[in-house]
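Data block below; observations after.
Derivation of every value follows stated rules applied to the coordinates shown; laboratory data play no part. Just so we're clear, the structure is a prediction, and the values are computed from it rather than from any experiment. Every residue, glycine as well, gets a Cβ built from its backbone with ideal geometry; the counts of neighbours run over all protein chains shown.
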Amino acid sequence: MDEAARLAARAFASITDDLREARIGLGLTQADVARVLGVSRSRVCRIERGRATNLTLDYLSRHAAVVGLRASVKLYPIGGGLRDAAQARYIARFVQRVGRLWRVRLDVPIPLPGDLRGIDVLLEGACVICVEVVTRLRDLQAVLRASQLKQRDIGAARLIIVVAATHANRRALAEARPTLLATFDLDTQHVLAKLAAGQDPGRNAIILLS
């Protein structure tokens, strides 16, 4: 939380500097900007000095537009954070089933500058395996694309996607099974047995875990 607060302060300082420099670049006064926005000049001044509080995304977007900027906010998944209780349980169950002969690392960040993604579980031993844990399989193709990119970027030999064995998840995997067979081992017991023995499973895999 402390790091999040520091990041927010740095981001806010950068935003307010950008608003001020854009205004000056257009030859506008603080009064000009305030008149269009329907606020006082002193409020614009406080914002540009980083002293304003209670700024909303709506206001920042409108202020940015007045000075020729477009506001953009994007959230990135990172290692850490609070997991939902279900995902934490499935991670623990998976590690308990297979982790004895592997070096197990949790919430491993992608080692690329500026990359905020993370791996749920990284197994290191007979090979390096990227493990992603999914409790609700809403968009299988999106999960596969994101997981395969993580596997590539962390340099893992194998990718294993652990899926909670709910009725909805089973149905989604059953429907996609014909296309998945070409690239994924779908035999849960076979893959778990290989991992428990400390062996390379030989292929990328999707496993259902109860």
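Give the calculated FRET efficiency between residue 71 and residue 42 to the nearest 0.05, with a Förster radius of 22 Å applied to their Cβ-Cβ distance. Walk me through the numbers before you get to the answer.
Numbers: r = 22 Å, r/R0 = 1.00.
Calculated transfer efficiency: 0.50.
Using the Karplus curve 6.51 cos²θ - 1.76 cosθ + 1.60 with θ = phi - 60°, work out ³J(HN,Hα) for each residue of region 164-175 in order, rounded to whole Hz, and write x for Gly and Pro.
4, 7, 8, 4, 5, 5, 4, 5, 4, 5, 4, 5
Restricting to region 87-208, what percent of DSSP beta bridges are antiparallel, rounded to 5?
Close to 50 percent.
Can you tell which of 179, 135, 207 lies farthest toward the positive end of the dipole of the chain, using +1 and -1 charges on the Cβ of basic and acidic side chains (Lys, Arg; Asp, Glu)?
135
If you stretched the chain out fully between residue 187 and residue 174, how much longer would it get, using 0.36 nm times the residue separation minus the C-alpha to C-alpha distance?
Details: separation 13, 0.36 × 13 = 4.68 nm, distance 1.24 nm.
Here the segment from residue 187 to residue 174 would lengthen by 3.4 nm.
Given the options 18, 115, 107, which has the most mean-square fluctuation in a GNM of the chain, springs set between C-alpha atoms less than 10 angstrom apart?
The residue with the greatest mean-square fluctuation here is 18.
What percentages, rounded to whole numbers, describe P(r) for region 85-209 computed over all alpha carbon pairs with 5 Å bin width beginning at zero?
Distribution as computed: 2, 11, 23, 26, 21, 12, 4, 0 percent.
If amide hydrogens are placed 1.01 Å from N in the peptide plane, which non-local residues have theirs closer than 5 Å to the one on residue 118?
So residue 118 has HN proximity to 79, 110.
For the residue pair residue 14 and residue 167, what label-to-label distance in nm results when each label sits 7 Å from Cα along the Cα-to-beta-carbon direction?
Placing both labels 7 Å beyond Cα along the Cβ direction yields 4.7 nm.
Which ³J(HN,Hα) values, rounded to whole Hz and listed in residue order, are derived for region 114-124 from phi using the Karplus coefficients 6.51, -1.76 and 1.60 in 6.51 cos²θ - 1.76 cosθ + 1.60 with θ = phi - 60°, glycine and proline given as x?
Values per residue, Gly and Pro as x: x, 7, 9, 6, x, 9, 4, 9, 10, 9, 10 Hz.
Rounded to the nearest 20 debye, what is the charge dipole size of region 111-188 about its Cα centre when +1 sits on each Lys and Arg Cβ and -1 on each Asp and Glu Cβ?
For this selection, approximately 260 debye.
Show log10 I(q)/I(0) for region 2-66 at q = 0.22, 0.23 Å⁻¹, two decimals, from a solvent-free Debye sum over equal Cα scatterers.
-0.90, -0.98
Calculate, for residue 197 and residue 115, the FRET efficiency according to 1/(1 + (r/R0)^6) with r their C-beta to C-beta distance and R0 35 Å; round to the nearest 0.05.
About 0.60, to the nearest 0.05.
Could you tally the net charge around residue 159, taking each other residue with its Cβ under 10 Å from the Cβ of residue 159, Lys/Arg +1 and Asp/Glu -1?
Value of the local net charge: +3.
So what are the ³J(HN,Hα) numbers for region 56-69, from phi and the Karplus equation (6.51, -1.76, 1.60; θ = phi - 60°), rounded to whole Hz, Gly and Pro as x?
Whole-Hz 3J(HN,Hα) from phi for region 56-69: 9, 4, 4, 5, 4, 5, 5, 4, 4, 4, 4, 9, x, 10.
Using Cα-only point scatterers and the Debye equation, what is log10 of I(q)/I(0) for region 1-134 at each q in 0.12, 0.15, 0.19 Å⁻¹, rounded to two decimals?
For region 1-134 at q = 0.12, 0.15, 0.19 Å⁻¹, log10 I(q)/I(0) is -0.65, -0.79, -1.04.
Can you list the residues, at least 5 places off or on another chain, whose amide H is less than 5 Å from the amide H of residue 185, using H built in the peptide plane?
Counting only residues 5 or more places away or on other chains, the set is 204, 205, 206.
What FRET efficiency do you get for residue 97 and residue 49 if R0 is 41 Å and r is their Cβ-Cβ distance, rounded to the nearest 0.05?
0.15
Could you check what % of the DSSP bridge pairs in the chain are antiparallel, to the nearest 5? Before the final figure, lay out each step's value.
On the way: 10 of 22 bridges.
Taking every DSSP beta bridge with both residues in the chain, the antiparallel ones total about 45 percent.
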